[in-house]
Amino acid sequence: MTIKKFQGRTEEEATAKAWEELGAHTVIMNVKEIKPKGLMRYFKSSTYEVTAAVEESEPVSSPRLVDGAPPAAPGNINLKADEPISIPEPEPLKEVFATVENTWNSASAKAVQARTEERRRESAVENNLEEKLESLQSLLEEKLSPQPDPKQELPKEPPMDENFKFIKMIYGILLENEVEEKYVNQIMDEVEKVMKGGASLDLILSSIYQKMILKFGQPQPIELADAKPKVVFFIGPTGVGKTTTIAKIASQFKLDRGKKVALFTADTYRIAAVEQLRTYANILDTELNIIYSSKELNEKLRETGDYDLVLVDTAGFSHKNQEQLAETRELVRKVPDGYDKEAYLVLSATTKYRDLLDIADVYKENFTFKMIFTKMDETSSYGNILNMRMYTGAELSYSTYGQNVPEDIEIFNTQKIVKLLLGGK
C-alpha cells in the first residue's frame, strides 16, 4: 500500500491532487485542516492536508512448476471404481428419521448456545468501546476548551478576545487606506510581542502608533551648507507639481529665512514651465538661469558662488524615457566636487501604487534621493506614502496640499499621517 500526503487551499483541491497522482482507486484516509499560527491566524486562511492511500497491484502468479516440469494437461477421467462398492442393508425409515432428528436437535441447540455466547461477548466489547470513546471525547473537550485566565478576572485588563478584535479592526483600516498587506503584517508581527503580556487596548494602540512613526522615520527637509551654495535637484515624472513646489521652498528660504536663493531650470521641453518659474523668480526678485547641459550648469554655479541655495527644476518625463533619464542623471552627477548636492524625488499622492513602484525602480537605480509628496489634498488614502517609504528606504521631506505659494507646504507631518492611517482625523 502506498500512503502519501497532499496539501491545498481547500479540501477539494488537496483531494484532486491525490486522485491525479495516485489514480481513481485512491482511498482518502484522513483530512486535516492546517490553521496559521500566531496573530496571523485571524487574517490568513487555513490550508488542508489530505492523507491518501492506494493498494499496490500484485502480479498474478503463474502455476507453480513441479521439479521444473510444466503441469500435466488433464486427460480422460476413468469413472470405473478401483474396488467393488457394497451397499449396506437399509435401516427402517422410522429409526433413520429418529436418528437424524436427534442429531439435528443436538447440533441446533449447540449452535444457538454458541451464537448467544458470541453476541454476549460482542455486546460487552461494544459497550466497553463506547465507554472509552465517550471518555476520550470528554478528555478532548476538556483540553480544547479555553481555560480561564486569572488575569482576565482583573477589571483593568480586557479579555484577550477583545484585543484580537481590536487588532483585526486596525488591520482592516490600514488595508482600506491602501497600505500594502506585507507591511501591515510586519507591523502586526511586532505588536504581537506586546500582546503576549495581556496588554490593554490603549497600550496596543500606542504600540501600533509608535511602530508606524518609527517606520516613517524623521522627516529630512533641506538644510543649508556652510560653504558653497547647496544645489538641490527636483526630479520626477511629469505633472506632479515640481515647479510649484520649488517656488514654495524658494519663498520660505528667501522671505522667511532671509537666504539668497537662485532658480535654475533644465526643463527646456516645456516653454510653459520656464515661464511659470520665471514668474515666480520675478515675484521673489531672484535670479533665473536656463541650462541645457551639465557644462552650462557648472558654469552658472561658478557665477552664483555667493548664493546660499540653488534650486534646479529638471524636465519631467516618463520613467520609461531612457534618453531624458540619462540627461538628468548626467546633470546631477557632473556637479563639481565641493558643492553640497541633493536630489528630491517629487511624487503625487494620487498616483497608483503600481505606477509608483515602477517609478521608484527606475529612480533607485540612478539617483540617491529623498521624497516629496504633492497633492495631499486630492486624496483620502495615504497608504502609498508608507508603502514607498518602506519600499525605497528613502527619507521623507516635504508634503504639499494646494497651489497657493508660499503656503500649502510643510515639513512632512508624520504624526498627522499616522493618525489618518489609523482611522483618525
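Each reported figure results from applying straightforward, stated rules to the coordinates on display, with no laboratory input. Predicted model, so just to flag it, every value in this text is computed and none were measured. When we count neighbours, we look across all protein chains shown, and the Cβ atoms used for this are built from the backbone with ideal geometry, even at glycine.
See the values below:
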| item | result |
| --- | --- |
| For segment 211-246 and segment 284-315, distance of Cα centres in Å | 18 Å |
| Selection from 396, 383, 411, by position along the positive dipole direction of segment 380-425 (Cβ) | 383 |
| Prolate/oblate/rounded call for segment 260-310, Cα gyration tensor, a/c under 1.5 rounded | oblate |
| Rule-of-thumb Rg ratio for segment 265-358 [Cα; 2.2 N^0.38 Å; N residues] | 1.18 |
| Average Cα contact separation per residue, segment 304-425, under 8 Å, 6 or more apart, as relative contact order % | 19 percent |
| Pairs from 370/419; 260/364; 211/425; 211/242; 182/364 whose Cα-Cα separation, in the structure shown, is over 25 Å | 260/364; 211/242 |
| Amide hydrogen neighbours beyond the local backbone of residue 410, cut-off 5 Å, H modeled | 399 |
| Sorted peptide list for 241-247, 376-382, 223-229, criterion being average Cβ within 10 angstrom, highest first | 241-247, 376-382, 223-229 |
| Convex hull per residue volume in Å³, alpha carbons only, for segment 281-425 | 134 Å³ |
| Rounded if a/c under 1.5, otherwise prolate or oblate - segment 163-213, Cα gyration tensor axes | prolate |
| Normalised alpha carbon radius of gyration of segment 370-425 [divisor 2.2 N^0.38 Å] | 1.11 |
| Where labels lie 7 Å past Cα in the beta-carbon direction, separation of residue 404 and residue 19 in nm | 6.8 nm |
